[in-house]
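Worksheet for the structure shown next.
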Amino acid sequence: MPMKTSVLLLLLPAMLLLARPARGATADFQKDIRPLLNEFCLKCHSTKDHKGDLDLERFKSLDAVKRDAKVWQQVEEQLELGEMPPKEKPQLSSAQKAKLVAWVRGTLHEIALTRAGDPGPVVLRRLSNAEFTHTLRDLTGVESLDPAREFPVDGAAGEGFSNTGAALVMSPALLTKYLDAAKDIAAHAVLLPDGVRFSPHISQRDWTEERLTGIRAFYAQFTEKGGGSSVNLQGIKFDTKDGGVLPLEKYIAATLAERDALVSKRKTVADVAKERGLNAKYLGTLWTALNDSQPSLVLDLLRAQWRTAKPTDAPALAASIAQWQRALWRFTTVGHIG
């Protein structure tokens, strides 16, 4: 027999049992059930005695039964286990027990159908410590935040879960800790012209460094180190152009290799920049300068060389431009004379 078929045959009884609709309560509470309760149950579970904190005498009608289903779940369990009535008390006959059990099951089923989709009362609760921490990290984008570090540990309810509503209580002392946590979080807020952002740091100096790091990272996409000179300003040593310079040779090579395509409009400057990983704005500026008809003492010679150059001539053109850069750009210290 194929494996799938054998598994289905094994599961068939359980599937049929689950698929069979539960039968509702067929017995009448006042005529059939209440006399049984009076005879076999109320001697121990009356309003006066209520052994085991169970009072069945208070259920005067079917509506009263349906308002307290938990009691009847307990009754069904005790009947199934044979613990009600106790061994030393008068016992129900098989037919009476079957009738009572069937009525309890049917009534509970009717209650379940009536309340289907209703989760019951929802306890108003606060976020657990873990939920509070992760929520603030998601909202601010700062993974280092730990606002609940001074909070007391969340207690577990009877189910053993720390996020059960009944266990997540609020006290005046805890409210004070929430306010302190809010002050700590507010210290990470950076006010911007168009809104607020949050930083892992709390000092203005660190916020400035973050912005500068972001700017450097942006320009680093299109630049490379080099072309600088060492400077000593009253003991402070650094290199000019340490942030990087544009790889001019790559841009010159791109204009030479794609010159015909750009002139004929088969490609745009943005297309070429994207294909070669270059900055489209600077490549467009360079292309415009090389093709401009306005006379220029510096650019006229370079334009003439570029028009006749081949892609392999890019290093020579870049070297010519570098000579002009060294002649025209010079770093001087504040107060330098001569």
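Which whole-number percent gives the relative contact order of segment 64-217, counting Cα pairs below 8 Å spaced six or more residues apart? Mind dumping the intermediate values first?
Numbers: 104 pairs, mean separation 24.6, N = 154.
Once normalised by length, the contact order is 16 percent.
Charge tally for Cys44 (other residues, Cβ to Cβ under 15 Å; Lys, Arg +1; Asp, Glu -1): -1.
Could you provide, to the nearest whole Å², the per residue accessible area of segment 49-173 with probe 1.4 Å? Intermediate results must be reported in sequence, preceding the final value.
Details: 8090 Å² over 125 residues.
Accessible surface, normalised per residue, equals 65 Å².
Only lysines eight or more places from Lys225 in sequence, or on another chain, were considered; those with a Cα closer than 16 Å are Lys241, Lys250.
With a 1.4 Å probe and all protein chains left in place, how much of the accessible area of segment 99-211 comes from carbon and sulfur atoms, in whole percent? Kindly include the intermediate steps, with their values, before the conclusion.
On the way: 4440 of 7510 Å².
Taking all protein chains in place, segment 99-211 shows 59 percent carbon and sulfur surface.
Average accessible surface for segment 239-301: 60 Å² per residue, computed with a 1.4 Å probe over protein heavy atoms with every protein chain in place. Using heavy atoms of the protein chains and a probe of 1.4 Å, the accessible area assigned to Tyr219 is about 130 Å².
The calculated FRET efficiency for the pair Glu224 and Tyr178, based on their C-beta separation and a Förster distance of 41 Å, comes to about 0.25. Quick check on segment 139-212: take the gyration tensor over C-alpha atoms, sort the square-rooted eigenvalues as a ≥ b ≥ c, and tell me if it's rounded (a/c under 1.5), prolate or oblate. Judged from the Cα gyration tensor, segment 139-212 comes out prolate (a/c at least 1.5, a/b above b/c). A 1.4 Å probe, protein heavy atoms only, puts the accessible area of His109 near 50 Å². Residues whose amide H falls under 5 Å from that of Val245, counting only those 5 or more places apart or on a different chain, are Glu224, Lys225, Gly226, with hydrogens built in the peptide plane. Computed from the C-beta positions of Ala166 and Lys274 and an R0 of 35 Å, the FRET efficiency is 0.05 to the nearest 0.05. Taking 27 Å as the straight-line reach from the Cα of Lys99, the lysines in range (excluding those fewer than 8 positions away in the same chain) are Lys31, Lys43, Lys48, Lys51, Lys60, Lys66, Lys70, Lys87, Lys89.
The values are calculated or read from the model by the stated rules, or taken from the named source; none is laboratory data. Worth saying up front: this structure is predicted, and the values here are computed from it rather than measured. Note that each Cβ is placed from the backbone with ideal geometry, even for glycine, and that neighbours are counted across all protein chains shown. Calculation scope for accessible area: heavy atoms of the full protein, side chains included, ligands and nucleic acids excluded. Shrake-Rupley method; radii C 1.70, N 1.55, O 1.52, S 1.80 Å.
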